[in-house]
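Written below as structure tokens is the structure these notes are about.
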Amino acid sequence: MTVGKKAAGALRRSPRLRLALLLAAPLTWLVVAYLGSLAVLFLSGLWTTDPFTSDIVRSWTLSNFKTLFTTDVYRQVALRSVGVALGVTALCIVLAFPIAFYTARVARPRWRPLLVVALLTPLWASYLVKAYAWRVMLAEGGLLDWLLTPFGISGPGYGLTATVLVLTYLWLPYMILPIHAGLERVPDRLLDASADLGARTWRTFRTVLLPLVLPSVAAGSVFTFSLSLGDYIAVQIVGGRTQLIGNVIYANITLDLPLAAALGTVPVVVIVLYLLAVRRTGALSSL
């Protein structure tokens, strides 16, 4: 019996061996490229920079992490970044739910694929094109000013509000699509039974529909929260003087690489804590 036949026979007799060989390449890539890069990021945060030559000094110290906790500016930037990410996520949920409900439960079945394609269309455009389009609309005398002036209101201009608006627009499809998929999986008979038992619309939504769609909302929130927390381009374009953790890292990457690496661990830790918090609610168990 040849070596090839022996190996084929061993693979047929051992499903676990087949699974291990199948997952070996992607798992190796995950460990080396992704987890390895995170480890290098954390280790780089333990180095320092020579104040005179700006060269990296590879001596282990916690001074960069101590700076993050003891400097008011960095604490405020971190809290502001988390607040923006949570605000964008909340706005995406509020906007996405009625849109997804219409596309999944109200629209005619033959129109639903076209509506999903329409929801995906903004993702086909360049990130920079969309961000700069919003910059034009938010500018003084721009489209928003023109629309709001008859009501005696001016546009938000550039700043924190503009950043939240732009990020909400950019990441809204990532919230709509999971909720749409979750609503499609809800059996019609459950909603009919709730109505037959006398439950009003709000009670049916709160006690029947929302618990079933909560895993989809949680999945969408992971996307919107993590993408908003790490974004720095939108802040550069429409944020004005607003500083979030992404553009603070970008500003320090050439001046103080170890400090930038220490700052880079903050969103990683926050996202891990967010995932653990979502997981503890049980919302991800049925995904």
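Details
- FRET efficiency, 1/(1 + (r/R0)^6) with R0 51 Å, evaluated for I93 and S37 via beta carbons: 0.95
- Cβ-Cβ distance of I153 and A277, R₀ of 45 Å, FRET efficiency by 1/(1 + (r/R0)^6): the value works out to about 0.75.
- The length gained on full extension between I233 and L62, counted as 0.36 nm times the residue separation minus their Cα-Cα distance, comes to 58.6 nm.
- Gyration tensor verdict on region 146-281 (Cα atoms; rounded if a/c is under 1.5, prolate if a/b is larger than b/c, oblate otherwise): oblate
- Fully extended contour minus Cα-Cα distance, from L22 to E184, at 0.36 nm per residue: 55.1 nm
- Local charge for L273 was computed over the other residues whose Cβ lies under 15 Å away, with Lys and Arg +1 and Asp and Glu -1, and equals +2.
- Net charge contributed by nearby residues that have their C-beta within less than 12 Å of R105 (K/R +1, D/E -1): +1
- Relative contact order (percent, whole number), region 67-179, Cα cutoff 8 Å, 6+ residue spacing: 37 percent
- Remark: the chain carries 62 Å² of accessible area per residue (probe radius 1.4 Å; ligands, DNA and RNA excluded).
- Cα gyration tensor category, rounded, prolate or oblate, for region 220-280 with a/c compared to 1.5: oblate
- Sites excluded, trypsin sites (Lys or Arg not before Pro) in DSSP loops with at most 14 other C-beta within 10 Å, longest stretch of the chain: 111-184
- Under-5 Å amide H pairs with T48, H placed in peptide plane, nonlocal only: V57, S59
- Gyration tensor verdict on the chain (Cα atoms; rounded if a/c is under 1.5, prolate if a/b is larger than b/c, oblate otherwise): oblate
- 3J(HN,Hα) from dihedral phi, region 252-266, Karplus parametrisation 6.51/-1.76/1.60, rounded to Hz, x for glycine, proline: 9, 5, 9, 8, 8, 4, x, 5, 4, 5, 5, 5, x, 6, 4
- Modelled FRET efficiency - R0 51 Å, L210 with F52, Cβ distances, 0.05 increments: 0.30
- V94 - accessible surface, heavy atoms, 1.4 Å probe, Å² rounded to 10: 100 Å²
- Accessible-area composition of the chain, carbon plus sulfur, in percent [1.4 Å probe]: 68 percent
- Per-residue ellipticity at 222 nm computed for the chain from its helices equals -22500 deg cm²/dmol, with DSSP H segments shorter than 4 residues left out and the rest contributing -39,500 (n - 2.57).
- Most mobile listed residue (A234, A25, A39) in the chain, GNM with C-alpha springs under 10 Å: A25
- Considering only L191, L273, L27, the mean-square fluctuation computed in a Gaussian network model of the chain, springs between alpha carbons under 10 angstrom, is largest for L27.
- Mean separation of Cα contacts under 8 Å, 6 or more apart, over the residue count of the chain: relative contact order %: 25 percent
The values are calculated or read from the model by the stated rules, or taken from the named source; none is laboratory data. Quick caveat: nothing in here was measured; it's all calculated off a predicted structure. Don't worry about glycine lacking a Cβ; one is built from the backbone with ideal geometry, like all the others, and counts go over all protein chains shown. SASA here: full protein model, heavy atoms, side chains in, ligands and nucleic acids out. Shrake-Rupley method; radii C 1.70, N 1.55, O 1.52, S 1.80 Å.
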